[in-house]
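One structure below.
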Amino acid sequence: QVQLVESGGGLVQAGGSLRLSCAASGRTLSTLAMGWFRQAPGKEREFVAAISRNGGYTYYADSVKGRFTISRDNVKNTVYLQMNSLKPEDTAVYYCAAGPVTASLRSGPDYWGQGTQVLVSS
């Protein structure tokens, strides 16, 4: 069983930055593709970003491309989401997710974290 614990959320002004972290346990991180999703109030959960097992490939939703960067440290068993130039529409609960390959993440991850709240004020 894989446990995912997010941290780093909070309140930030528009234009600011935050870095989310996702600590994984229960399995060696290098065996998992990792991703971030978010869910805004009243909306469905949506894909944000994904990274392959060795970090060689990354994928982003069009809405965050150029502003967010996903990365991973397989030694520390941690995945990051650097969020820059934040906008009020980025306000959501952000969830870390894991699966065997990046393609499986977009269709339905095997594991989810509990989420961390990001609030961007205008």
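The values are calculated or read from the model by the stated rules, or taken from the named source; none is laboratory data. Every value quoted in this text rests on a predicted model; they were computed, and no experiment measured them. Cβ atoms come from the backbone with ideal geometry, glycine included; neighbour counts cover every protein chain shown. Surface accessibility is based on the protein's heavy atoms, side chains included, excluding ligands, DNA and RNA. Shrake-Rupley method; radii C 1.70, N 1.55, O 1.52, S 1.80 Å.
Things to note:
- Candidate cross-link partners of residue 43 among the lysines, defined by an alpha-carbon separation under 21 Å and a same-chain spacing of 8 or more, comprise 65, 87.
- Surface accessible to a 1.4 Å probe, per residue, for the residues of the chain, Å²: 50 Å²
- Solvent-accessible area, 1.4 Å probe, carbon plus sulfur percent, for the chain: 48 percent
- Ranked by the mean number of other Cβ atoms within 10 Å of their residues, highest first, the peptides 5-15, 83-93 come out as 83-93, 5-15.
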